[in-house]
Amino acid sequence: MVVVSKQLFDAVCRDAHCSLMTHPWNESCIKACPGLYKDAVIGSAKFYSIIYLAQILMRGKKMMKKEQWIKMGEYYVRSTMLGFMVTSVGPNISCLIRKMLGDQFYSSTYLFIPFAVCGLFIYLEPPSRRGLVINLFCNLLIEYYIKVLERAGYPTVTRTHQTLMFMLGSSLLFYLMRLEGDKKERTPLFWLFTPEKVKRKTTESESPCPHKGKCEKYVAKGFATYFGVGLGISLARLIIPKISTPIKAISSIRSKHFKLAMFFGSYIGIYRAVVCYLCRKQGFDSALYALPAGYAAGISFLFNPSLGLSIASLTAAFKLYSTILYEKKILPSNIPLPELLYCFCQGTLFNARIVDPDACPSYVFNLMKSCSNGRSEHVFKSFSEVIRHAI
Ligand SMILES: [Zn+2]
Ligand SMILES: [Zn+2]
């Protein structure tokens with residue numbers, strides 16, 4: 001599809017009726033609501049049930065306690081509320097602004113402003129999860145901008161760039177994680193692996209490494225565990241769609257399914273090996289060792305390159321760094337900067353889904369399609385028709 005520029009939007013969509021632009025299933029703004037609300041509830045409940053199921057599986061043993069289930073239940077309801085409110089209130093605001101501006105759409109008031117305003121519903125998420133969601137949306141926004149810049153003729157981000165970004169990101173991230181190690185409240189972060197705390201030696205004879213037992217065993221155990229996790233994920237991806245014919249699935253295992261396993265395994269293995277080497281050489285442990293160790297470990301990215309992952313490593317490091325800036329009072333804590341950033345991300349990305357789908361990250365397609373139970377596709381189809389008629 002062509003890129004809908006501001007000029008094209010103004011020429012074609014300004015006077016289009018909102019039933020073509022935002023609620024193609026019903027001509028009336030009011031009558032379009034009940035159907036949308038119903039699908040927003042169903043869609044959001046479904047979407048988050050999958051996300052929470054994955055989280056429950058990842059938490060494993062922690063879920064043995066009853067309080068954990070109650071907490072997860074509450075979080076699930078809050079997340080579903082967020083999905084429902086954004087999906088149903090966003091289009092309502094779009095219609096409302098159109099009415100207030102004399103039955104006219106502007107490129108910013110069509111989807112960007114309505115969904116940016118709805119970004120405030122992020123407060124429905126509990127604070128511990130909110131940071132993760134904001135982090136995710138920032139990553140998606142950067143991914144989107146990179147695609148837009150590439151299309152505008154800027155140099156493409158090559159695999160070498162991505163690898164260097166990931167190496168740098170891992171290096172800073174592990175260093176900042178180790179710096180945070182002694183704090184009671186750690187910044188909530190979702191990353192492949194949490195490095196050990198810096199060890200303070202109590203007796204001279206003690207080993208300087210941040211682990212018990214032999215170094216070789218520690219490195220090998222890290223490699224093996226994460227290799228297993230990576231392999232498990234790859235095989236699950238392979239076998240689940242073919243669950244009816246497991247024999248066929250197993251016979252189709254190829255070396256590419258070991259790539260994720262090799263990535264996980266070597267990422268942790270290299271990191272641990274470098275930290276142990278430096279501890280033994282220097283005779284004491286230091287958070288600084290994470291810098292070369294993380295950088296070297298980042299090379300495993302070549303087993304499993306992805307632009308999203310390299311962006312995520314850098315933004316996660318930045319997130320930890322911003323915690324330090326807040327503590328030093330360099331960033332003002334009375335202005336909700338992360339939440340405002342979320343509003344901007346949501347407005348931009350949801351607008352891109354309809355107006356600029358070629359550059360929009362696929363996660364946003366999925367999110368909007370699931371939470372609206374398919375209605376976002378309907379809106380996109382109708383919007384495309386409006387554009388196609390004009391050109
Ligand atoms: Zn309307
Ligand atoms: Zn060691």
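Every number here is computed from the coordinates shown, using simple stated rules; none is lab data. From a predicted model like this one, the values you see are computed outputs, not experimental measurements. With ideal geometry, Cβ positions are generated from the backbone for all residues, glycine too; neighbour counts draw on all protein chains shown.
Quick one: compute the contact order of segment 21-154, relative version, from alpha carbon pairs under 8 angstrom and 6+ residues apart, as a percent.
It comes to 25 percent, rounded to a whole number.
May I ask which of LYS38/LYS99; LYS65/LYS214; LYS71/LYS99 have a Cα-Cα span longer than 30 Å here?
Beyond 30 Å between Cα atoms: LYS65/LYS214; LYS71/LYS99.
At HIS161 and GLU385, where each label point lies 7 Å from the Cα along Cα→Cβ, what is the point-to-point distance in nanometres?
Between HIS161 and GLU385, the label points sit 4.0 nm apart.
Principal axis lengths of segment 43-167 from Cα atoms, whole Å, largest first?
Computed over segment 43-167, the largest-to-smallest principal extents equal 54, 48, 22 Å.
Per 0.36 nm of contour for each residue apart, how much would the distance between ARG14 and TYR154 grow if the chain were fully extended, relative to their Cα-Cα spacing?
47.3 nm
Label points 7 Å out from Cα along the Cβ direction at SER362 and LYS65: separation in nm?
It is 3.8 nm.
On a straight-distance basis, which lysines could pair with LYS328 in a cross-link, Cα separation under 23 angstrom, same-chain partners fewer than 8 positions away excluded?
LYS183, LYS184, LYS197, LYS319
Against the empirical 2.2 N^0.38 Å scaling, what ratio does the C-alpha Rg of the chain come to?
That works out to 1.14 for the chain.
Note down the net charge around LYS369, summing +1 for each Lys or Arg and -1 for each Asp or Glu among other residues with Cβ under 10 Å from its Cβ.
+1
Under 8 Å for C-alpha pairs, at least 6 residues apart: give me the relative contact order for segment 159-327, rounded to a whole percent.
That works out to 42 percent.
Could you work out how far the C-alpha centroid of segment 177-243 sits from that of segment 93-126, in angstrom?
Segment 177-243 and segment 93-126 have Cα centres separated by 44 Å.
Cα centroid distance between segment 1-51 and segment 248-284, in Å?
46
With a cut-off of 8 Å between alpha carbons and a minimum separation of six or more residues, what is the relative contact order of the chain in percent?
Relative contact order comes out at 29 percent.
May I ask you to order 278-285, 364-371 by the average number of other C-beta atoms within 10 Å around their residues, highest value first?
364-371, 278-285
Going highest first, how would you order 381-387, 258-264, 48-54 by mean Cβ packing within 10 Å?
The peptides rank, most packed first, as 258-264, 381-387, 48-54.
Quickly work out the MET85-to-MET100 label distance, labels modelled 7 Å from Cα along the C-beta direction, and quote it in nm with one decimal.
Placing both labels 7 Å along Cα→Cβ, they lie 1.8 nm apart.
Give me the Å³ per residue figure for the convex hull around the C-alpha atoms of segment 159-327.
139
Based on DSSP H runs of at least 4 residues, each adding -39500 (n - 2.57), what is the mean residue ellipticity at 222 nm of the chain after dividing by all its residues, to the nearest 500 deg cm²/dmol?
The helix-only estimate for the chain comes to -22000 deg cm²/dmol at 222 nm.
Please list, or write none, the lysines whose alpha carbon is within less than 25 Å of the alpha carbon of LYS256, excluding same-chain residues fewer than 8 places away.
The qualifying lysines are LYS221, LYS242, LYS248.
Which residue, SER252, LEU278, PRO357, has the largest displacement toward the positive end of the dipole of segment 218-363 when charges sit on each Cβ (Lys, Arg +1; Asp, Glu -1)?
SER252
Quick one: length gained pulling GLU377 to ALA220 fully straight, 0.36 nm per residue minus the C-alpha distance?
Working it through step by step, the gained length comes to 51.7 nm.
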